[in-house]
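To start, the structure under review is shown below, and the notes come after it.
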Amino acid sequence: MYPVSRIFKIMNKEKIIEQTIAFVKQTLQGAEGGHDWWHIERVYNNTKNIAAAEPVDIFIASLGALLHDIADAKFHDGDENIGPQKAREFLESLSVDQIVITHVENIIRNISFKGGNFTTSFSSPELLVVQDADRLDALGAIGIARAFNYGGFKNRELYNPGQSPDMNMDKETYKKSTAPTINHFYEKLLLLKDRMNTATGKKIAEERHAFMEKYLEQFYGEWKGEK
Ligand code: ADP
Ligand code: NI
């Protein structure tokens, strides 16, 4: 038998997760198809899968996964504070521990790639797991679908043979880029498999990476009318 206080805590966490799911679903209604509730659900599932082999606090990792795109700077004039702030306000409304809230804020602030050419100051096992979970959703068949959906949302070209990928963008240039969607494969998607944090994440990333390589080969073949 668990002591009563422990049972209370376990139920409380489940309830907090339930309420967080409801909050995220509601907040992301009408979001771009690559950053909507279904993206969050996939990242949440990836998180639970990866976390099974990692020494993490699953409650914190779950909240991080569920809230990581609650107000993505890309869709809020580049404001990187809105997401962490919204998450904090929501979790405070549920009386979640301050330590947990601060950790979740740090996950949201530090999860994003943004060109990858800079260093961050915060790290934790929970961040590393959620980051892998989010990165996996940028890869493979889903990753391809999300990239072209985002490109369409931003009215970008699919591909432009005259415009090469820019591999040395700093964070600001990366965020302002209006390059064709195929360039994003080289500027981000194909770099991810070598940046995975966990063994589980890396294995799945390699499979999804191979699928994208095949996809690109077919894409160029069809572009030239050769396939
Ligand atoms: P960031 O790349 O800034 O870390 P995200 O991780 O939120 O941003 O990006 C999530 C997904 O949004 C990417 O994996 C991709 O599918 C899509 N996306 C972001 N930027 C682009 C872009 N320039 N072209 C195509 N898709 C993009
Ligand atoms: Ni995400």
Between residue 76 and residue 172, Cβ-based FRET efficiency (R0 25 Å, step 0.05) works out to 0.95
Give me the net charge for the shell around residue 140: Cβ to Cβ below 9 angstrom, other residues only, Lys and Arg +1, Asp and Glu -1. -1
Final fewest-first order of 214, 74, 25 on the 10 Å Cβ neighbour count is 214, 25, 74
Students often get this wrong, so check it: of 154/176; 25/203; 74/202; 74/176, which have C-alpha atoms separated by over 18 Å? 25/203; 74/202
Cα centre as origin, Lys/Arg/Asp/Glu Cβ charges: the chain dipole, Debye: 240
If neighbour count is taken as other Cβ atoms inside 10 Å, put 28, 139 in order from fewest to most. 28, 139
Farthest toward positive dipole pole in the chain [+1 Lys/Arg, -1 Asp/Glu at C-beta], among 82, 30, 58: 58
What's the ranking of 98-106, 75-83 by average number of surrounding C-beta atoms within 10 Å, highest first? 98-106, 75-83
To make sure I understand, if each residue's beta carbon is the centre and we count other beta carbons within 10 Å, what order do 172, 226 fall in, fewest to most? 226, 172
Put +1 on the Cβ of every Lys and Arg and -1 on every Asp and Glu Cβ in the chain; which of 174, 158, 144 then has its Cα farthest towards the positive end of the dipole? 144
In deg cm²/dmol and to the nearest 500, what is the mean residue ellipticity at 222 nm of the chain if only DSSP H runs of at least 4 residues count, each as -39500 (n - 2.57), divided by the residue total? -19500 deg cm²/dmol
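Where a number appears in this text, it was derived from the coordinates with a stated rule and is not lab data. Predicted, not measured: the structure shown is a model, and the values here were computed from it. When we count neighbours, we look across all protein chains shown, and the Cβ atoms used for this are built from the backbone with ideal geometry, even at glycine.
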